[in-house]
Amino acid sequence: MLTNPSLIDTIGATTTNASNTSLSQLGDDYNKFLTLLTAQISNQDPLAPVDSTQFVAQLAQLSQVEQAVQTNSQLETLNTQVSALMNMGGTDLLGREVSITSNVMDLENGSVDSTYVLGAGAVDVSARITDPLGRVVRTLEGLSTTAGQQIPLDWDGTDDDGTPMLEGAYTVEIVALDTAGAKVANVVSRSATVEDVRFNAGEIFFGLSGGEVVSSITIQAAS
């Protein structure tokens with residue numbers, strides 16, 4: 001799914017709608033104010049005229065509101081333009097291989113292309129692999145405890161009974177413990193191909209091989 005140029009127009013129309021509505025309402029308020037002002041001046045006592053200072057103050061307030069609404073409208077337009085440029089920039093990654101932060105593992109031909117990085121202090125590391133139905137199908141024990149390095153997750157695609165699993169997306173959870181039994185921080189990553197670019201609420205999302213959709217902020221590197 002490539003970026004559709006009409007999407008940018010739709011976003012622009014949506015983001016400016018609120019400002020247009022506010023300006024329309026402000027115009028109505030101006031007309032009502034001027035109508036009331038004209039009526040009051042026409043019917044005031046010539047010997048005791050109404051203090052014009054209040055009218056001037058109210059007009060000044062309306063002018064300030066109008067300026068604020070117009071400024072907001074200009075900012076919305078700028079935001080739309082910047083978002084559109086970001087959206088176009090995301091297409092540069094189409095078809096490219098990227099490394100992303102993700103607990104999803106894409107099983108293909110009996111292997112996965114996932115790694116993990118540990119914080120310091122881990123003495124016991126294991127991995128729990130879950131299928132799309134939420135069932136733990138494989139537990140890997142005795143994994144490397146080396147800190148600060150990309151460590152491959154060696155899963156051959158079989159469950160705990162040695163039965164080959166179907167190809168597709170699985171989820172992995174790394175459980176790393178220190179000598180006191182406390183959890184050690186870890187980050188799981190994988191390689192994937194960018195298949196499409198999506199744009200939502202000012203943010204770029206990528207559709208990846210394996211069916212996962214991720215935010216642009218999860219991209220670690222591209223090749």
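What to note about this one:
- Summing charges over all other residues whose Cβ lies under 14 Å from the Cβ of R128, with Lys and Arg as +1 and Asp and Glu as -1, gives -3.
- Karplus-derived 3J(HN,Hα) values for segment 133-147, using 6.51 cos²θ - 1.76 cosθ + 1.60 with θ = phi - 60°, are 8, x, 9, 6, 9, 8, 10, 9, 9, x, 6, 4, 9, 4, 8 Hz; glycine and proline are entered as x.
- Amide H contacts under 5 Å for D124: L177, restricted to partners 5 or more places along the chain or on a different chain, H placed in the peptide plane at 1.01 Å from N.
- Electrostatic bookkeeping for L93 treats Lys and Arg as +1 and Asp and Glu as -1; over the other residues with beta carbon under 14 Å from its beta carbon, the sum is -2.
- Segment 131-223: translational diffusion in µm²/s, Stokes-Einstein, Kirkwood Rh over Cα pairs, 10 °C, 1.306 mPa s: 99
- Proximity of backbone amide H atoms, modeled 1.01 Å from N, is registered between V112 and W155 at under 5 Å, excluding neighbours fewer than 5 places apart on the same chain.
- T158, T38, ranked by accessible area, largest first (probe 1.4 Å): T38, T158
- G119 sits among other residues whose Cβ lies under 13 Å from its own Cβ, and their net charge, with Lys and Arg +1 and Asp and Glu -1, is 0.
- Residues whose amide H falls under 5 Å from that of I204, counting only those 5 or more places apart or on a different chain, are S216, with hydrogens built in the peptide plane.
- Computed label-point distance, nm, for sites S42 and L140 using a 7 Å Cα→Cβ extension: 8.4
The values are calculated or read from the model by the stated rules, or taken from the named source; none is laboratory data. Everything numeric in this text was worked out from a predicted model, so none of it was measured. In this analysis, Cβ positions are derived from the backbone assuming ideal geometry, glycine residues included, and neighbour counts consider all displayed protein chains. What goes into the accessible areas is simple: the full protein's heavy atoms, side chains included, and nothing from ligands, DNA or RNA. Shrake-Rupley method; radii C 1.70, N 1.55, O 1.52, S 1.80 Å.
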